[in-house]
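Undergrad: Before I ask anything, let me first share the structure, which is written out below as structure tokens.
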Amino acid sequence: MDEIKNFFIAFILIFLILVIWQYLFLPKPQPKIEKPKEEVREILPVDTLREIAIKGEEIILENNKVKLIFSNFGGILKSVYLKDYDCELLRKGSGYFGLTLFSKDKKFNFNSEIFKYQKKDNEIIFEGELENYKIIKRYQLKKDYNLSFTFSCLEDFNYWALTFEPFLNFTEKDTNEELDYANYQYYFKNQLKNINFKRMKKDEVIYEREVAWLTMKNKYFLFAFFPNFYLDSCQFLKREREGGIVIYSKEKREINFSFLFAPLDYNFLKSFKKDLEKAVPLGWPKPFSLGILFLLKFLYKIFQNYGLAIIMFALLMKLLFFPFSRLQNEQIRKMQLLQPKLEELKRKYKDDPQTLNRETMQLYQLYKINPFTGCLPFIIQLPVFWALYSVFRQTIDLRKAHFIFWIKDLSVKDPIYVLPIVMGVFFIFQNILTNPDKKNIFFTFIFPIFLTLIFLNFPAGLQLYWLIFNILSILESLIFQKGGFKWLKIKMKPKTSLKLSKKW
């Protein structure tokens, strides 16, 4: 019974980690930073650009990775299409790079103005004028997903505001689930600050001036920009599911930004050498997640199918954990051989729990049995299991990764629940095969059903891994019980150095 309790505790631990992890590890909303006393300017509300973006001529910049559509009405960006991922990152009616200038007693909103423009190669130059204020916007599409933006104004003004709204488009089918991954981020003094969009109650404003980069991201993609000047403030918008970012600055020289509309690809973001890879949520423990991701990518290069890569990964993990599973099988076999003696103890001391426990532990010690060893493989696998959960659920590489037949996306749950149900059946069979106490209905039947229900909504990749791992464990147990591994045969010899009880 002690071994069964240990198994139960191990699986309950897994359940608790996977169910309540988000309340423990997901970024908490950052505390509101009060406006400096010397700051007297009020952050003005942002005018929506939805109707504006629909009007005007469309101008296109594109390369082999991305297609950008601009409008001369406001000189704004209205569409970002990523070709490799077949997805649109901006919502219909979006207006990014909306510009407003502020003088002492007036603001000049250029978002509703018609701009003249010139296009040459991978560059667009917009020129606009409003009440003698002339501005120039210059967009240049560079390699991959990189966009350079510059604007200038010769006339004097106090400060300016650049608007990016609304929030990025939700690209996946389950938009409610994707909303959990919607975040604003900014990198300040080598520290990443997260503001979870769903948990925001209202707009939030930060006043950190030396910001290395800011992002707005959904589950698999981000919009990032890198200011090369001091920001005056940055406003993160809530507005139900609309959202967006507004940045304010008093810089009056020619302003230049580098922007990025890109997948949350760890290696690609790391290539910028700005710690931008920290925007990728790899969960805990991160070293395990990175190692697993590297190995899965390596296996994918060989098999060209992430499903097959996961199967091979499960086989490698089984080999890695074999010493522990061998020890577990030895302990299970000893428990099975010792079961008659344990039953006899229960009958003899059924009215004396303390003596029963003492005699049971003495019997375990006598035959070198450690009940805790039975659940050791599960505990050791916890970091790997949790890292797998993070990798399968949040890594761009597994997005829409096809396996076979009905499983067309290993990053989401099995749509007809075949994998978790088959996994549960094999789990029950494994318990029947290895459980020393066949009469324990809870551990043999009810607990596998309980675990199957937990797995129903897990990513199909994780379901496949656990199914293959269970099948390999069953094969190992069958070989062990049939004596296939001669060096694993159990010799039930008591320790002669121990003083036996009168009964034994």
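The values are calculated or read from the model by the stated rules, or taken from the named source; none is laboratory data. In this text, all values refer to a predicted model and were calculated from it rather than measured experimentally. Reconstructed Cβ throughout: ideal geometry from the backbone, glycine too, with neighbour counts over all protein chains shown.
Undergrad: Take ASN132 and decide whether it is on the phi > 0 side of the Ramachandran plot and out of contact with any His (no Cβ under 6 Å at 6 or more places or on another chain). Give the steps one after another, and end with the answer.
TA: Numbers: on the phi > 0 side of the Ramachandran plot: yes; out of contact with any His (no Cβ under 6 Å at 6 or more places or on another chain): yes.
Yes, satisfied.
Undergrad: For region 47-58: of the residues being outside any loop (DSSP other than H, G, I, E, B) and surrounded by fewer than 19 Cβ atoms within 10 Å (Cβ to Cβ), which is modelled with the lowest pLDDT?
TA: Pass one, region 47-58, residues outside any loop (DSSP other than H, G, I, E, B): 50-54, 58.
Next, from what is left, pick out any that are surrounded by fewer than 19 Cβ atoms within 10 Å (Cβ to Cβ): 50-51, 54, 58.
Working: ARG50: 48, GLU51: 51, ILE54: 53, GLU58: 92.
Of everything passing the filter in region 47-58, ARG50 is modelled with the lowest pLDDT.
Undergrad: If you scan region 273-326, which residues turn out to be within 18 Å of PRO383 (Cβ to Cβ) and over 20 Å from the mean Cα position of the chain (by Cα)?
TA: ALA314, LEU316, MET317, LYS318, LEU319, LEU320, PHE321, PHE322, PRO323, PHE324, SER325
Undergrad: Given the options LYS83, LYS78, name the one that is more than 27 Å from the chain's Cα centre (by Cα), of a type in the set (Lys, Arg) and at negative phi. Steps first, answer last, please.
TA: Details: LYS83 fails: more than 27 Å from the chain's Cα centre (by Cα).
On inspection, the qualifying residue turns out to be LYS78.
Undergrad: From the list GLU127, GLU165, GLU155, pick out the single residue that is over 29 Å from ASP409 (Cβ atoms) and buried (at least 20 other Cβ atoms within 10 Å of the Cβ). Before the answer, list the steps.
TA: On the way: GLU127 fails: buried (at least 20 other Cβ atoms within 10 Å of the Cβ); GLU155 fails: buried (at least 20 other Cβ atoms within 10 Å of the Cβ).
After applying the criteria, what remains is GLU165.
Undergrad: In this structure, is GLN354 in a helix (DSSP H, G or I), crowded, with 19+ Cβ neighbours inside 10 Å and in the same structural domain as LEU475 (by TED's automatic domain parsing)?
TA: Criteria not met by GLN354.
Undergrad: Tell me which residues, restricted to region 271-285, are in contact (Cβ under 8 Å) with a residue 60 or more places away in the chain and part of a helix (DSSP H, G or I).
TA: Of everything in region 271-285, those that are in contact (Cβ under 8 Å) with a residue 60 or more places away in the chain and part of a helix (DSSP H, G or I) turn out to be LEU276, LYS278, ALA279.
Undergrad: Then there's this: Can we say ILE195 is part of a strand (DSSP E or B), within 30 Å of ASP105 (Cα to Cα) and in the same structural domain as ARG91 (by TED's automatic domain parsing)? So that I can check it myself, show each step before the final result.
TA: Numbers: part of a strand (DSSP E or B): yes; within 30 Å of ASP105 (Cα to Cα): no; in the same structural domain as ARG91 (by TED's automatic domain parsing): yes.
For ILE195, the condition - part of a strand (DSSP E or B), within 30 Å of ASP105 (Cα to Cα) and in the same structural domain as ARG91 (by TED's automatic domain parsing) - is not met.
Undergrad: Of all residues being touching a residue at least 40 places away in the same chain (Cβ under 8 Å) and either in a loop (DSSP other than H, G, I, E, B) or among the polar types (S, T, N, Q) (or both) in region 254-270, which is surrounded by the most Cβ atoms within 10 Å (Cβ to Cβ)? Just the residue, please.
TA: The selected residue is LEU264.
Undergrad: Quickly run through region 89-122 and pick out the residues that are at pLDDT 90 or above, surrounded by fewer than 18 Cβ atoms within 10 Å (Cβ to Cβ) and under 13 Å from GLY56 (Cβ atoms).
TA: Within region 89-122, ILE114, LYS116 meet the criteria.
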